[in-house]
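The values are calculated or read from the model by the stated rules, or taken from the named source; none is laboratory data. As the structure is a prediction and not an experimental result, all values here were calculated from the model. Cβ coordinates were reconstructed from backbone atoms using ideal geometry, including for glycine residues, and neighbour counts include every protein chain displayed.
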Amino acid sequence: MFVALTVVKYSKSKFFLGILSMAIFRLPLLLNREVTFWKLMGCGKNGTFDINPDWQQWALMTVWENEAAYQNFNKNSFISNWWKKLKVERTDFFCIPYESHGKWDGKEPFGNPIPDRTYTGPIAVMTRATIRLTKARDFWRNVPKVAGSMSDAEGFITSVGIGEVPFIKQATFSVWKDLDSVKKFAYRQREHAEVVKQTREKKWYSEELFARFIPIKQVK
């Protein structure tokens, strides 16, 4: 399985084309028989769960059986040609699933990979949730504590905040030096540990997914 997350940034004068693309891109993705799962998403401003959208920046996550299928899409698709013609800034994250728990719109997009516990290299993490409308205010009151601490965490490399629906369907994709760095932030960093505790106690989410990946390449 091959996972690609593409983040693009339009110029200020063309930001409206990014909004338009979220509707236009759906048809070629629906017609593509090789992509097993896909999501068109907006981006937050601060690289994690963020209530403030970045109207210039947008994302597409796709899942494929293999890299060859993705490369064919990347070379020939209407979507790639759209980005090329508009000369958007583009960053691609290519990964293979390491482990995954939970669901995304009722599906398990990354399967049920068995993690190789001998692996010691970089790790990418995706945390995704559908926030209950009745819990949204409480959730967003607590998120800035974690968002502000992630970039200073040991082993942190980069992150992007993505989401399908503002305020209620949000995700963070982050890349770390190694699995130990991820665990230190998740379980020993006070702000993050407290938010995780409240997530369980207050039942903020109606659906959630937590996945880890082995990053293959990042291309700008």
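In a helix (DSSP H, G or I), assigned by TED's automatic domain parsing to the domain that holds residue 29, within 30 Å of residue 15 (Cβ to Cβ) and of a type outside the set (A, V, I, L, M) - does that describe any residue in the stretch 87-103? Spell out the reasoning first.
Filtering the stretch 87-103 for residues in a helix (DSSP H, G or I) gives none.
So far as the stretch 87-103 goes, no, none of its residues is in a helix (DSSP H, G or I), assigned by TED's automatic domain parsing to the domain that holds residue 29, within 30 Å of residue 15 (Cβ to Cβ) and of a type outside the set (A, V, I, L, M).
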Item to check | Whichever residue in the stretch 146-196 is over 16 Å from the mean Cα position of the chain (by Cα) and among the basic types (Lys, Arg) and, among such residues, is modelled with the lowest pLDDT | outcome: 190
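Based on this model, can you work out whether residue 143 counts as within 16 Å of the chain's Cα centre (by Cα) and β-branched (Val, Ile, Thr)? Talk me through it step by step, then tell me what you get.
Details: within 16 Å of the chain's Cα centre (by Cα): no; β-branched (Val, Ile, Thr): yes.
Considered against the rule, which asks whether it is within 16 Å of the chain's Cα centre (by Cα) and β-branched (Val, Ile, Thr), residue 143 comes out as no.
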Checklist outcome for this item: Listed by first then second residue, the pairs whose first member lies in the stretch 4-22 and is over 19 Å from residue 219 (Cα atoms), whose partner is hydroxyl-bearing (Ser, Thr, Tyr), with beta carbons under 8 Å and at least 6 positions apart or on separate chains, are 17/10; 18/10
Checklist outcome for this item: Only one of 29, 20, 60 is part of a strand (DSSP E or B) and either acidic (Asp, Glu) or not assigned by TED's automatic domain parsing to the domain that holds residue 143 (or both), namely 60
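Picking from 52, 76, 81, 66, which residue would you name as being over 23 Å from residue 170 (Cα atoms), modelled with pLDDT under 95 and surrounded by fewer than 15 Cβ atoms within 10 Å (Cβ to Cβ)? Steps first, answer last, please.
Working: 52 fails: over 23 Å from residue 170 (Cα atoms); 81 fails: modelled with pLDDT under 95; 66 fails: modelled with pLDDT under 95.
On inspection, the qualifying residue turns out to be 76.
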